[in-house]
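The values are calculated or read from the model by the stated rules, or taken from the named source; none is laboratory data. Everything quoted here is computed from the prediction, not taken from an experiment. Cβ placement follows ideal geometry from the backbone for every residue including glycine, while neighbour counts extend to all protein chains displayed. Only protein heavy atoms, including side chains, enter the accessible area calculation; ligands, DNA and RNA are left aside. Shrake-Rupley method; radii C 1.70, N 1.55, O 1.52, S 1.80 Å.
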Amino acid sequence: MIGLATVYRHAPSLILCIHVAITPALADEWALCDYHPPAPDTTYPDDGQLRFRADKAVLDREGVSRLEGNVEVFQSTRTLTANRFEYEKARDYLEATGNVTFEDRAGLSFDSSAGHLYLDSEKGRFEEVEYFFQPRHARGKARTIEPRGAERFRLNHASYTTCDPGRQDWQLTASRVDLNQDTGRGTARNVLLRFHRVPLLYTPWINFPIDDRRQSGLLLPSIGNADSTGLDVEIPYYFNLAPHRDAILAPRYLGRRGTMLGAQYRHLSQSSAGEFDLEYLPDDSVYGNDRSLFIWDQQWRPTSRLRLHTEGSDVSDADYLSDFGNSLSDTSTTHLERRADLSYHASHWNLLARLEDYQTVDDSIVDPNQPYKRLPQFLYHGSWPQSAYGIDLGMRAEWVSFDRRDSITGQRTDIMPEASLPLRGAAWFLTPRVRYRFTHYDLEGQPAGTDPSLQRNLPVTSVDAGLFFDRPLGEDRFQTLEPRLFYRYTPYRDQDDLPRFDTSEYGFNFDQLFRDQSFSGPDRVADANQLTTALTSRVVDAGTGIERFRVSLGQVHYFEDRRVRSEPGDPPLTDNSSSIVAEAAWRPDANWSVRGTTQWDPHREQTERRTAHLQYREDGNRVVNLGYRFQEDRLDQTDLSFAWPLSRRWDAVGRWAYSLEDERDLEILAGLEYNTCCWGARVVFRRYLTDGLQDEYNEGIHFQLILKGLGSLGTGLGDLLSEGILGYEDDY
């Protein structure tokens, strides 16, 4: 029985792998399926012994055992039953006739009219086989299955499907299939895929993998249609170059533009990993020129502490992302970063050396407004907690050389040591911190008569303190009250003569109330004499720790005008307090969640920002999101998205993002999903803004056919829906 088990344990893999891509089985993938085969017999132990049971058994003088009437043969986890068995011990030959049935605890079962097997050579033949493989809900038929020695067998006139018995919605057939489990390869002849009896794919011969070992071969094509490209068909071919290297070559036909070549190369080892992607479109019929996109991401780790990472991208022209991007965020990109980082990590410090450049893809941005290049940059960061008397020590240092055409350039040195004393109790904390910032510039391209060597020195001090109170709310919940004070002091230094290489002002939000820096870079250090007052209250489940409700309120009180501004000549800020910032979140149960923020200016009595988001999520296919974002003089947008079952088989998906300020759609997505036991289908219409200045939209209809346990045909829509509908889970 060893040979028999070896052959049939893997029988489903043969037909399963005739296709060129396999969809992983999911826990609920067969939720609409009805057939559940009985569990195999577990009476006998898994000890490898061969056992027989029958109503009648006869052993003749020639060593032939004949068993009749409800005959069962057991070995380990496998059971074989038939009306009649003959077993010749001398030849180690087993023959079964009449209602032959095989079951394996791994989930495989099959029925056959008759068969024989030489157990020592693992050669034999079984007639008219019908099988079922429970883990993948797979079933099929074969006219004959022939074990052909160790790890090899042949199926003649074989079929495969994952549909329930009595249904043939889709089926894969082959006239002959040869499998070699030792090499992990199989070949098939006259392979045909039918959907509702309509032929979809055919190949006269194919070589395919039958296990998890990667193999070169065709992947399933992708098909779509959009305004910017026309008919879009991509047929990728996978190259298994080595255990740690692979590549994909993907010719792509674009009906309106021509034929694009896509390529991807990946490698992975203990000390390195990387990916390179290339798209090349010769002589774009619409654009009238060659076009390309190149993306790279490469990492090396020669030692446990040393790491080199380089990444970046390059496009041939400014319109490439607008023509081939998938969203407004892609098409609104103005700069592409190219960067190389060499870093060293020690126990309490790390050092980074960086080269950074940008490609400006928006032709309207002139040289003086483009980002500076860092050629090079050196960053040092050290941290020594609990160094002495409970004091935490730290150090940040930087030297960087900035370059940009038609601009002031130069080198900047920035050194900032710090010390803090974190004090904590069960219901309180107090953390005083002091920093000293030294910044020096050696500049080029300054106006005549301007000192090219500039310097700034100043201390930065802060004190952060808070209390924690709580009280029970019944037996299951408790409420907290958390007042917090944050005082910050930085003396004024005139910085109008300093260039602004890479520094911008942080956006104002609740977290910003407790920062001791107002700017993201060293070129500006804001003067400050201010106190933040904030209060947070939470309602928490005592047993699970889940936060059911949270509300936070905070404001900064200024004791002096703020004179340091981002641009020279900007007037000081004279208000004696900041805007009031509030945040709230509510989770009444496992399905509902609500969160929102608001920023209100009490001096103008005007709302500056507000956001709101409501979500109902029962599972990955029952999701409704309603969002709103407002930023004064910049945006006023709503966003509705959902995925919801209309019936047992039909689901609806959609998204509508709308700009109230501009009175125009940002994105419309609407689609239907149909799901059966063994296949599913999606059709999605999408219209999204590609150029906000000219109100240009890209429209397309995408279709995907999913054959469960096999793969999918058409456009891959899972990522599109997951990104557009927060909380949506792709089941395929």
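The lone criterion from (1) within 18 Å of Ser222 (Cβ to Cβ); (2) over 23 Å from the mean Cα position of the chain (by Cα); (3) buried (at least 17 other Cβ atoms within 10 Å of the Cβ) left unmet by Arg291 is number (1). Do we have Asn529 as at pLDDT 95 or above and touching a strand residue (DSSP E or B) at 6+ places or on another chain (Cβ under 9 Å) here? Answer is yes for this residue. Would you be able to tell me the number of residues in segment 121-136 that are modelled with pLDDT of 80 or more and either more than 30 Å from Thr676 (Cβ to Cβ) or not in a strand (DSSP E or B) (or both)? Selection size over segment 121-136: 6.
Any residue in segment 228-244 that is small (Gly, Ala, Ser) and touching a helix residue (DSSP H, G or I) at 6+ places or on another chain (Cβ under 6 Å)?
The initial filter retains those residues of segment 228-244 that are small (Gly, Ala, Ser), namely 228, 230, 242.
Next cut, touching a helix residue (DSSP H, G or I) at 6+ places or on another chain (Cβ under 6 Å) only: 228.
Yes, some residue in segment 228-244 is small (Gly, Ala, Ser) and touching a helix residue (DSSP H, G or I) at 6+ places or on another chain (Cβ under 6 Å).
If the condition is being open to solvent by less than 40 Å² (accessible area, probe 1.4 Å) and part of a strand (DSSP E or B), then segment 234-267 contributes Tyr238, Ala242, Asp246, Ala247, Ala250, Leu254, Gly258, Met260, Gly262, Ala263, His267.
Check Pro147, Pro165 and return the single one that is crowded, with 22+ Cβ neighbours inside 10 Å, at negative phi and either modelled with pLDDT under 85 or assigned to a loop (DSSP other than H, G, I, E, B) (or both).
Numbers: Pro165 fails: crowded, with 22+ Cβ neighbours inside 10 Å.
Just a single option satisfies the conditions, and that option is Pro147.
For residues that are under 17 Å from Leu573 (Cα atoms), of a type in the set (Ser, Thr, Tyr) and open to solvent by less than 30 Å² (accessible area, probe 1.4 Å), tally how many sit in segment 480-519. So the count comes out to 2. Looking across segment 181-196 at every residue that is among the β-branched types (Val, Ile, Thr) and either in contact (Cβ under 8 Å) with a residue 12 or more places away in the chain or crowded, with 18+ Cβ neighbours inside 10 Å (or both), the one that is farthest from Gly149 (Cα to Cα) is identified as Val191.
Take segment 576-590 and flag every residue that is open to solvent by less than 70 Å² (accessible area, probe 1.4 Å) and either at pLDDT below 95 or among the hydrophobic types (A, V, I, L, M, F, W, C) (or both). Before the answer, list the steps.
Just the residues of segment 576-590 that are open to solvent by less than 70 Å² (accessible area, probe 1.4 Å), to begin with: 577-585, 588-589.
Matches in segment 576-590: Ile580, Val581, Ala582, Ala584, Ala585, Pro588, Asp589.
Does Arg437 satisfy the condition of being under 30 Å from Ser387 (Cα atoms) and either of a type in the set (Asp, Glu) or surrounded by 15 or more Cβ atoms within 10 Å (Cβ to Cβ) (or both)? First the steps, then the outcome.
Numbers: under 30 Å from Ser387 (Cα atoms): yes; either of a type in the set (Asp, Glu) or surrounded by 15 or more Cβ atoms within 10 Å (Cβ to Cβ) (or both): yes.
When the stated conditions are applied, Arg437 passes them.
Within the option set Ala82, Ala90, being outside any strand (DSSP E or B), modelled with pLDDT of 80 or more and aliphatic (A, V, I, L, M) holds for one residue only, Ala90. So, in segment 93-120, how many residues would count as being small (Gly, Ala, Ser), open to solvent by 50 Å² or more (accessible area, probe 1.4 Å) and part of a loop (DSSP other than H, G, I, E, B)? The qualifying residues number 1. When Ser593, Ser566, Ser552 are checked against the criterion of being part of a loop (DSSP other than H, G, I, E, B) and surrounded by 14 or more Cβ atoms within 10 Å (Cβ to Cβ), Ser566 stands alone in meeting it. Of all residues in segment 682-732, how many are assigned to a strand (DSSP E or B) and within 21 Å of Ser222 (Cα to Cα)? Count: 21.
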